[in-house]
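Since every read-out is calculated from the coordinates, none of them should be taken as a lab result. Since the model is a prediction, treat every value here as computed from it, not as a measurement. Cβ atoms come from the backbone with ideal geometry, glycine included; neighbour counts cover every protein chain shown.
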Amino acid sequence: MSDTFRSGFIALFGRPNVGKSTILNALIGQKIAIVTKRQQTTRNRLQGIRNLPSAQMIFIDTPGIHSPRHALGRSMVRTAKETLDDIDLVVFVTDAERAKDEDLVILDMLRNVRKPVLFVLNKADRKSPQEITDLIRTYSELFPFDGFLSVSGLKEKGIDLLLEKLREFLPPGPKYYDDEMVTDQYERFMAAEIIREKIIKNTSEEVPHAVAVEVQEWKEKENGIVTVRAVIYVEREGQKGIIIGKKGDMVKTIGSQARLDIEKLTGARVFLELWIKVKKGWRDNAKMLNALGYR
């Protein structure tokens, strides 16, 4: 292999809930993307940076491709598609199950991409070697992939081999980011995503997709404490009640869990204040979507 330094932008593409964010965190070597069992958790294009002695890889975790039912969903799908315009390599991610109709839609979308496309089978630890071989054979007949790998993002198996394979396909190039950077997102965005993750993990089925989080205040005080004030938006009073919980227990749990992760993010003590507001139909409100960073 050449000693030439390589760099480039790598898009992780696939349907919802196949583990793209889990793989991103494993590739980066630390958690930067929220991970839950619910579908359509990733809403924005999130860039993670992995620096190697011979390469810099900028990974782009895209929202899962799905059939949108509101303006937010359309924004998510549009964000994912636009990512294909300016990348060097695509990683198509699916999980260790049979080929699904959503996979076929995505593969049709990728046929016009004039960049290498790698196939990555995630959650491979759940299948036997023969089942993995059969799945790879099935997908190889559906699309002319440039390479095939199987990994377990959750258990971080096969990640080093995936990094080696990705480097082979990157062009010679410069460092786009400083060595210490692991994401291009600001701390406010990361804090909002952490809070949203805790809401998703702790609340009932109807709440997660109706929730948005906006960090409205971020102050670093002289004593080293970071004060964060965030607003949680929901669409109905009933959803507000679920997040508050009995005697405020739920919002206390969400706040406590989020504060610990934000402290890990910042390396400082954090005072976190959460407010909950009802904004009916916010997912179809263009002005609000823009304010929250969705296009």
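What does the net charge come to around Gly14 if you take all other residues with beta carbon closer than 11 Å to its beta carbon, with K and R at +1 and D and E at -1?
Once positives and negatives cancel, what remains is -1.
Determine by what factor the alpha-carbon radius of gyration of segment 187-291 differs from 2.2 N^0.38 Å, reporting the quotient. Mind showing how you got there, number by number?
On the way: Rg = 13.6 Å, N = 105, 2.2 N^0.38 = 12.9 Å.
Output field value: 1.06.
Run the numbers for Arg269 and Ala210: contour at 0.36 nm per residue of separation, minus the present Cα-Cα distance, in nm. Before the final figure, lay out each step's value.
Values: separation 59, 0.36 × 59 = 21.24 nm, distance 2.98 nm.
Here the segment from Arg269 to Ala210 would lengthen by 18.3 nm.
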Check your understanding: How much length is gained on full extension from Phe189 to Leu110, taking 0.36 nm per residue of separation minus their Cα-Cα distance?
Key -> 25.5 nm
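Below 12 angstrom from the Cβ of Glu214, what's the summed charge of the other residues (Lys, Arg +1; Asp, Glu -1)? Please report the intermediate quantities before stating the final value.
Working: positive: Arg188, Arg196, Arg229, Lys277, Lys279; negative: Glu193, Glu217.
With Lys, Arg at +1 and Asp, Glu at -1, the net is +3.
Hey, can you rank 115-126, 209-220 by average C-beta count inside 10 Å, highest first?
Working: 115-126: 20.1, 209-220: 16.7.
Peptide ranking by packing, descending: 115-126, 209-220.
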Exercise for review: Going by C-beta contacts inside 10 Å, put Asp179, Asp134 in order with the fewest on the left.
Suggested key: Asp179, Asp134
Review point. Local charge sum around Ile225 (other residues, Cβ-Cβ under 14 Å, Lys/Arg +1, Asp/Glu -1)?
Key: 0
